[in-house]
Every structure is written in C-alpha cells, then in structure tokens.
Amino acid sequence: MTLAIAVAVLAAVGTYLIVRGGAVRLILGFILLGHAANLIIIAAGGTFRREAPLVDGGVVLETMADPLPQAFVLTAIVITFGVTVYLLSLVARTAKRSARNAGEGGAHD
Amino acid sequence: MLVASLALIGLTTAVVPLVVRYLGRYTGYPLAVIFLVAAGLLLTQAPEVMRGETVVQSWQWVAAFDVQFTLRLNGLSLLFAMLVLGVGALVLSYAPQYLDPHYEVRRLYTVLTLFAAAMLGIVLAGDLVLLLVFWEITSVSSFLLVAGAGTAGARPAIRALVVTGFGGLALFGAVVLLAVKTQTTDIATVFALAPERLSVTDLSIVAALIILAAFTKSAQLPFHFWLPGAMVAVTPVSAYLHAATLVKAGIYLLLLMSPLFLDFPAWNITLLVFGLATALFGAFEALRQRDLKALLAYSTVSQLGTMVALVGVGTSAALAAAALLVVAHALFKATLFMLVGIVDREAGSRDLDELSGLWRVMPITAGLTGLAAMSMAGVPPLVGFVAKEEAFYSFLDVPQSSWAQGQQWAGIAAAVIAVLAASLTFAYSARIFAGAFFGPLKQRNLYEPSWLFLAPAVVPAVAGLVLGIAPGLLNSIIDRTTVDVGFTMVGSDLSLWHGVSIALGLSAIAISLGLLLHFRRRWVIRWLGEEPPVASGPLIFDRIWFALVRTGSWVGRSAHSASVGVHLFGVGVLIVALTILGFAIIPGATDGLAPVIPDSMQLVDVAILALLVPTVAFLARARTTITALVLAGFVGLILSVWLLLLGAPDVALTLLLVEFLTVVVAAPVLARLPRHRDVGRPTMAAVAAVVVGVSSGLAVWAFTGRRGPSELSAYFLTEAEELTGGTNVVNTILVDFRGLDTLGEITVLFAAALGLLAATAVGVRARKDAVIEVLGRGEQTVLRVGARIVIPLLLIATVVLFWRGHDEPGGGFIAGLTAGSAVAVAMIAGIRIALPSSGAMLAAGLGTALVSALIGPLTGGAVLAPVKVDVPIVGSLTSSLIFDLGVLLIVVGLVRVALERLDGMHIDAGNDTDDGNDTDDGNDLEWDGQDRSSAVDVTEARS
C-alpha cells in the first residue's frame, strides 16, 4: 500500500513535469518516473521479507528479500543515470544554440 | 579437391586487393592462372565422376540445425564448374587489355573473384543452406559490379539487386519448406525423402518458389528487365556475369531441382510457356536494338528462355539439349561480348548505326565475330547448330513426354515458336556481323588490336567450331548430366549430321526466314514500332519502388513529431486496449484479488511516505531550478533510506551515489539554462498526471505483495554460494547468473557515454570557473582541505567495496560510482588528478568485460561462466571479479565523461568563442519546438 502510494505520487508528478514542457522539467520528470519504475520492480518482489539477501550466515528463505528485483533495479538506476546524462547533454546543446541565436539577434538592437 | 578448388578461389579474393597494389589492371593474368589451377583441381576428380560416382566432401557446419558444409561433384556440377572457371579465366585475361589504365580495378577484381567463388559454391553445394548462402553472394556481387559503373549504374544496380534479392527470398522459402518437411538440408537426402514427405500442395509451393528464384536470376518474363539494365557495367562483367555464368545459376537451379518434379505437369507447363514466351520476346527486342551490348543482353534473355523451355519439356533428351545449349551459349556469348568490347575500344562506339565496314581494318576481329555469331544463329558446323537441332527435336517430342500425354498440337506449337525465335536469332546475329563489319568503311585509321587483347576471344570461338564439328566430345558429360537430373543413362549421340530429318528441315526454315527477316528488318521494326509496346519493365519497377517508398514515409510520418503527446498517445491507447483485452481473455482475471501478505506494510513505511509525498509535491511547484534540483536529490535520499529498510543495501548505496552524481552533473547545466515560460496547459498536465499516477498506483496495489516468494528467488538464495562462491546474492546475479544481461547493460552505458562524447564534441573546453573560484578565500581553504581528506577516503572505499562486492554490499557498479564521486569532488574543489582519458577507460572496461566473458569458453565452459582459482593467502578468486572490474571501469568512464563534458558546456551567448567550427546546422533536437522561443528571456536561475 505504501509503495503503491509512493509510485502513484512519483509517477503523477513525473508525468506532470514532462507534460508541462521545458528542459529542466523534462529531466526532473524523467528522474521521478525512473524512481517510480524502480519502486514497482521492488514491489513485485514483495516487501514482507526485509532482510538483505546476504547468505553468509546461512540462508533464511522466510525473511530474506527477493534478490532478483534488486539486481534489476540496481542496473536500472545506473542506466537511468546514463540516460539522464545524455539528456542533459542534448538539453545543454540545444540551449546553447538558442542562446547564441538570441545573442546574434540582439547585436543589432 | 573440391574444397581445395573452392578455397583457392575464396582465399584469392582476400589477396586480390594486395596484388592490385603492385600489378594494377594486370592482376587479371595471375587470377586467370589461379582459375585454371582451380579448374585443374576439379578435373582430377573427373574420372570418378565420369564413371558415375558422385564425389562428396562434408564437414559439420551448423550443428544446432544439423547443417553440413557439404560439397558435391557430379556431372551437372562439373559441367557448370568448368564454365565458371573456364570463362572466368578467359574474361580475366581479357580484362587487363580492355580496362582503362585509370579504372578502379581493385574493386572490380576483388568482386569478380568473390563472385566466381560464390558461383563455384552454388554449383558444388551439396546442402541447401550452403546453396542459398552462395546464391545470395552472387546477387550481392552482381549489384556491386553494376553499381561500380557510377551514377549511371545506381538505378540499374538497385533494380538488379531487388529483383534477384526477391528471388533469393523465394529460394529461401523453398529451402525452409523442404528442410522442414524432410528434416534435412542435404540435397541428396532431400531428393530421396521428398516423394513421400511432401504433399502435392507442398510440392506446388516449392515449385512456385523455385521457379520465382530461377526466373528472377535468369531474367525470364516478367523479371527480364534488370538484365539489359545491368549492361552499364564494364564489358568483362557483362561477359562473365550477365551472359556466361550468373544468369545461368537460374538454369542450374531448375536442372538441379528437376528430379523433384519428374511427375508434376504444372512445373513443365509453366517452364515451357514462360520459357518460349521469353525466347520469342527477347529475340524481337534484340532485333530492335542498335546498341550492341543491349542487343546481346536481349539475346541472352531469349537464349535463357529457350533453356528454361527445354528444362520444361522434361524429357532426358530435352534436359541434355538444355545442358548443351548452356555450353554453346557460354562459348559464343562470351566471345561476342569480348569482341564487342574490342570494337567499342578500337572504334569508340558500339552503336550499329555508327559502325560500318570494319572488316577491312579488323579482319581477324571480324572473322571471330562471324564465327561466334554463326554459332548463335545456329549455322552448321558450329556447336550452336548442334544445340539448336537438339532443341528442335526436344520440342517436337513434347507429345511423347510423360506430362503432355500425346497432345500433338503442343509439340507443333512449341516447335513453331522455337523456329520463329531461331529465325529472329539468325536475323539479329546476321545484323551484328553485317552491321558492324560490312558496308562502307567510315573510320580508316583503325587497326587490329594486339593479339593479347584478341586471344581470350579466340579460345571460345574456336572451341565453338571444334565442338560443332565433333560434338561427340561432349557425349559423356552430357550423359552424366542427364543422369544427375533424374534419368537413367540414355547414351547421347551428339553429331553434326543426323541425316535428313524434321529438325534439319526446321533449321533450314529458320535460316531462310532469318535471312528474310535480316534483309527486311525495317519492315519488322515498323511493324514492332521503335519503342516497346507496353510500359517497359524498369518503368513499372520504378513506379512500384517509389510507391513503396512513399508509403513507407507516410507510415513513418506519425513518428516524426516533436510533440511528446503524439508519441505517448499511441502507447497510452495500446496500454488501455491491452488491459481491456487482458480482462476479456485471461481466465480468472475478474475473480478478485488474492489477499495482501501480512507484514507487507510497516510503520516505518508510513514515516517514509510522510517525508516523500510533501517533498515531491514541493518539487512539482518549485520556482527555481536549483530548488527543484535539491528537492530531487532529497527524493533520491529518502528512497535510498527506504531501500535500505526494505533489505536492499546494494540498491540503496547505488541510488545514493547516483543521486549525488546526478546533482553534481546536472547543476551546472540546468543552472545555466534559460528559465522556461510555462508552455503546456496546466490542466492538461494535471489530468495526465492524475490518470498516470492513479492507474500506476492502483496497478502496484493490485498486482504486488499478494504472492509468496518466487521459485527463482529461492533458487538464487539457496544456490548462489554453492554455484558462484559469492554470498552477496544480488552481486552474484549481476556478475554470474545474469552476466550476459549485465554485459548488455554496460554496453548501454558505454553507448550513452559515446553519445555524450559525440553530442559535446563541439565547443568543449576545460572548466575555468570551478566552484571554488566563486568562493571566498576562507571557504576555498575549507573546501580544498575537505576534498583532500574525502578523496582518499572515497578511493579506499572504492577498493574495499569492489573487493568485497561478491560477498557483501558493494561490487563493480557501486565501486565505480564511488570512484566517480571522488572524481566529482576533485573537480568541484579544482584539484587535478592525472588519469587516462575517459574514452580509454570506457574501452578498457568493455574490453575487460568481454575478455572475462571468454575465460569460460577457453576453459571448456560457457560464455561468462565463472572460473574459480585458488590463490594462496588471498583465497579463492573467480573470473567474475574481472568482469566486475570491467563494470567498474565503464561506470567510472561514464561518470567522468559526464563531469568533463557537461561541465565544459557554456551556454552564455556573449562570450561564446570556442565553437567557430560548429557547422552542424539543423542537427539539434528541438524540445517541443518551444525552447527556441523561450530563449528570448535569458535569465540565469542562479542569480
């Protein structure tokens, strides 16, 4: 239930930011949607077992969290970072061009 | 010897570019010698073949599909192989004299040799898959050679490729069907099993597909048009590919597959009807042409039609006649092409209206042309005459075949059409000779070409004469061929003189009619019209082609919008539709939900939520970029804590580090961005947000937390230590169990870093205004000192986290992010660390991961399988540690690229001096098309 609410809030605000438009909102919205998606995957593994899946002291299936969604989310977070960084570069590039165009236009004022 | 011969030509292909560097256009000579050696290698097996044996060599190739690399030599393949290598040797020794000294010979010789290898492969292939592969290579090499003619060759090359590629697909279909039905791809076995395994329907489909493949390759109606177009290629290519060999591949396929259709009348009727129609059509068109090469091209279309029709007749005599015609045609057509090339070079034209009286200055060329043209025209005592006689016999014998069932009219009709085609053939053959060599001499200062130039044409011309006088030389190979195509040995008795017979009478009629047509050619042309009566093939092809291209761009147009909504709309509709569909068709979908497992929600979760929701809400309403960025970082922090509480320390650590790095990387970029006016309609955005939020929340509530531990989860938890030696199950999943997945993911990171490098290639410069420079002296000192303490700690943490990752929280991703954080701190504080370039780091990372993936196979295991080594003192090490090192390097590389490149991008318009070489106009993405207008109010959010 808590995870569902968290996902709902993150997805809603993420969508809101992206739809409102603008580069900053787009990137922040993208990050929030990424969080929502990762929480969904964690939720799929179930949250009734909350012990870290470290099997050094013996395996306790009843209490250990599902490791597979964790592995998925771990790489997903890093990939989200990679994509965010790429988005940033595109945004910066576009903004730079528009800024220069505006600057050139302003030189005649 | 089969494989030696094929390998010799194949390997030569690889060496040709090197040889061309030294020998230039004279590379043709050594190549010709190699072709002859390859032919010799095959001939060492000829005695066995002639004794009736089939030489087979086979190796395991694709074990999973039980496909063998089987080469097979029987009479049929020997006959075609000799043509491929023999004509190849002639053409290659002709090319050096023909080619312009400045011609791009490297490509020509390389592709020609490649083609020869593929063609040899087709005729030697004993496996359907092998046949298909070589078949496709010939199509591609034909395309490359035609396209080599420059812009004039572009459209014809595309037409040739599309038409023959279409045929290749048809052949693929036939091969798949045969392989599925007979459970093998070995040609001999397929033939043995086909009668019992294939239904009449299967056989009809196979027949249709094979006919399509053969008709496209051998330029039969209605696919003939690509062949005349292909004449833009240089003459050696026309002589070799588009007269003697490539176009015969279709005939070879029909002959090869004939045994499947011994009792299948539709096969015979289709081939006979289309073959004769093509023979007649091609002959008429040839008579209309003025350009000698175009004339020869249509003549080839016509002759191929006769061969197809003969295969269609389906009697042993007809198939023998087809094989004989293949030989005769290769000899006279190769000669004619080479001689036309010589005339073209010497007289500077191949237009029959411009050439005249050349025999006075080039008597030997004239004589050779006459010899070859007579063979083509079917005049005794040349081999073309013998082949034509055999063809007439075969057509007359149609009623005796198993499928025609005594229908006398069929034989008469076939023979009449054949005679008409033969008389037209005589007419255009006569025209070539008379048109170019008789009449008044217009160009007096011409001379006979050097004997080196002529010699390659002399050989096939004289061979046509010898085989015409003594056709018995071919008896044994033709006999063997008829056996190979499904008949018992009949004992051919080829001879020049059969006594007075119907065939002789038909020959006489054809020649007399041909003479009449030649002298009254203008009547024929007037009757035919100067232009083809129907819309020409290339025109129809181009119409279909461009219609397809337009349809494609129409379909793709919807994806070209810059509006986010357009892209999301389709996805949204699809999701809704799938949901409805799912409820409709999945049994039990409406039965209600299973109860939520107790303990799924705990008090601490509520506390987290109480922090998270207001933070996110503030983020939605944040006024400045920096506020929003800080709040976003705070969201990440809250989620990290939550993940830690949920039992995911690895994920929590990763998220924490990524949040830090995202803020560091994004802050300088976003802070410099001009603030955007609110562009989207807030109501629309709010509605979309509520829909997405509510539905995803409901989905998570409904679909998760209602099921016990999965089997997979139990498997990983119980087996991880035993199988991988690691106790941190998440890490073992990343580097051991799902290593291939991780390899894919780091490749994505690698690609993202490359994209970043490419996107920021312009206008990069080192950061000059490091954060520290805007701080006061005291603050600077604090930051510098702090950084000097933090960086070593982070680097130690990197080593520890990496080393213990397999057993405790840590691993390549986390260690990489930690090291990246150290680099980020150094950058903020303006401290320089000497490191190899980030590009080198990325490459080293991917390389390390790939090399570690190969350790498994090298030690006899699977790709990425962990290999354990016991090292004294350190303990046991596994190869997955090396893989994880690759992961680490890639992550550090990505972080560094992000830090270095994004930091260096300056957005200010005024002092923008570093991008004088920024020339990529129109390449930028437009964000909703709104950024450009919003750039007017350049306000730095930082101020």
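Here, each number is a calculation from the coordinates, and none is a lab measurement. As the structure is a prediction and not an experimental result, all values here were calculated from the model. In this analysis, Cβ positions are derived from the backbone assuming ideal geometry, glycine residues included, and neighbour counts consider all displayed protein chains.
Against the condition surrounded by 13 or more Cβ atoms within 10 Å (Cβ to Cβ), within 30 Å of B:LEU756 (Cα to Cα) and more than 36 Å from the chain's Cα centre (by Cα), how does B:GLY811 come out, does it pass?
Criteria met by B:GLY811.
For region A:17-45, which residues satisfy the criterion of being facing chain B (nearest Cβ under 7 Å), out of contact with any Pro (no Cβ under 9 Å at 6 or more places or on another chain), in a helix (DSSP H, G or I) and of a type outside the set (A, V, I, L, M, F, W, C)?
A:HIS35
Let me confirm something: among B:LEU6, B:LEU31, B:LEU71, B:LEU42, which residue is surrounded by 20 or more Cβ atoms within 10 Å (Cβ to Cβ), of a type outside the set (Phe, Trp, Tyr) and outside any helix (DSSP H, G or I)?
Going through B:LEU6, B:LEU31, B:LEU71, B:LEU42 in turn, just one is surrounded by 20 or more Cβ atoms within 10 Å (Cβ to Cβ), of a type outside the set (Phe, Trp, Tyr) and outside any helix (DSSP H, G or I): B:LEU71.
When you scan region B:771-815, how many residues do you find that are assigned to a helix (DSSP H, G or I) and more than 14 Å from chain A (Cβ to nearest Cβ)?
30
Please go through region B:454-470 and give me each residue that is surrounded by 20 or more Cβ atoms within 10 Å (Cβ to Cβ) and over 19 Å from B:VAL327 (Cα atoms), ordered by number.
Across region B:454-470, the qualifying residue is only B:LEU454.
Of the conditions (1) surrounded by fewer than 23 Cβ atoms within 10 Å (Cβ to Cβ); (2) facing chain A (nearest Cβ under 8 Å); (3) within 17 Å of A:ILE79 (Cβ to Cβ), B:PHE750 fails just one. Which one is it?
(2)
Would you point out which residue out of B:GLY86, B:GLY126 is touching a strand residue (DSSP E or B) at 6+ places or on another chain (Cβ under 6 Å), touching a residue at least 24 places away in the same chain (Cβ under 8 Å) and either under 15 Å from B:ALA32 (Cβ atoms) or crowded, with 24+ Cβ neighbours inside 10 Å (or both)?
Answer to the check: B:GLY126.
Tell me, please, whether a residue that is under 23 Å from B:ILE477 (Cα atoms) and either aliphatic (A, V, I, L, M) or in contact with a helix residue (DSSP H, G or I) (Cβ under 7 Å, 6 or more places away or on another chain) (or both) can be found in region B:335-353. Steps first, answer last, please.
Start the filter on region B:335-353 by keeping residues that are under 23 Å from B:ILE477 (Cα atoms), which leaves B:335.
Restricting the remaining residues to those that are either aliphatic (A, V, I, L, M) or in contact with a helix residue (DSSP H, G or I) (Cβ under 7 Å, 6 or more places away or on another chain) (or both) gives B:335.
Among the residues of region B:335-353, at least one is under 23 Å from B:ILE477 (Cα atoms) and either aliphatic (A, V, I, L, M) or in contact with a helix residue (DSSP H, G or I) (Cβ under 7 Å, 6 or more places away or on another chain) (or both), which makes the answer yes.
Sort out which residues of region B:868-901 are of a type in the set (A, V, I, L, M, F, W, C), more than 37 Å from the chain's Cα centre (by Cα) and away from chain A (no Cβ under 11 Å), and write them in order of number.
We begin by selecting, within region B:868-901, every residue of a type in the set (A, V, I, L, M, F, W, C); these are B:869, B:871, B:873-874, B:877, B:881-883, B:885, B:887-892, B:894-895, B:897-899.
Still in the list and also more than 37 Å from the chain's Cα centre (by Cα): B:869, B:871, B:873-874, B:877, B:881, B:899.
B:VAL869, B:VAL871, B:ILE873, B:VAL874, B:LEU877, B:LEU881, listed by residue number.
Just to be sure before I move on: is B:SER204 within 17 Å of B:SER258 (Cβ to Cβ) and more than 24 Å from the chain's Cα centre (by Cα) in the structure I sent?
So B:SER204 fits the description; yes.
Here's a check for you: in region A:60-69, which residue that is within 7 Å of chain B (Cβ to nearest Cβ) and in a loop (DSSP other than H, G, I, E, B) is farthest from B:LEU644 (Cα to Cα)?
My answer is A:LEU61.
Residue-wise test of (1) touching a residue at least 24 places away in the same chain (Cβ under 8 Å); (2) more than 14 Å from chain A (Cβ to nearest Cβ).
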{"site": "B:LEU817", "(1), (2)": "yes, no"}
{"site": "B:ALA824", "(1), (2)": "yes, no"}
{"site": "B:GLY830", "(1), (2)": "yes, yes"}
{"site": "B:SER837", "(1), (2)": "no, yes"}
{"site": "B:ALA844", "(1), (2)": "yes, yes"}
{"site": "B:GLY847", "(1), (2)": "yes, yes"}
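Test A:GLY57 against the stated conditions and say whether it is more than 7 Å from chain B (Cβ to nearest Cβ) and touching a Gly at 6+ places or on another chain (Cβ under 8 Å).
no
Given the conditions (1) over 30 Å from B:ILE831 (Cα atoms); (2) touching a helix residue (DSSP H, G or I) at 6+ places or on another chain (Cβ under 9 Å), which single one is not true for B:VAL892?
(1)
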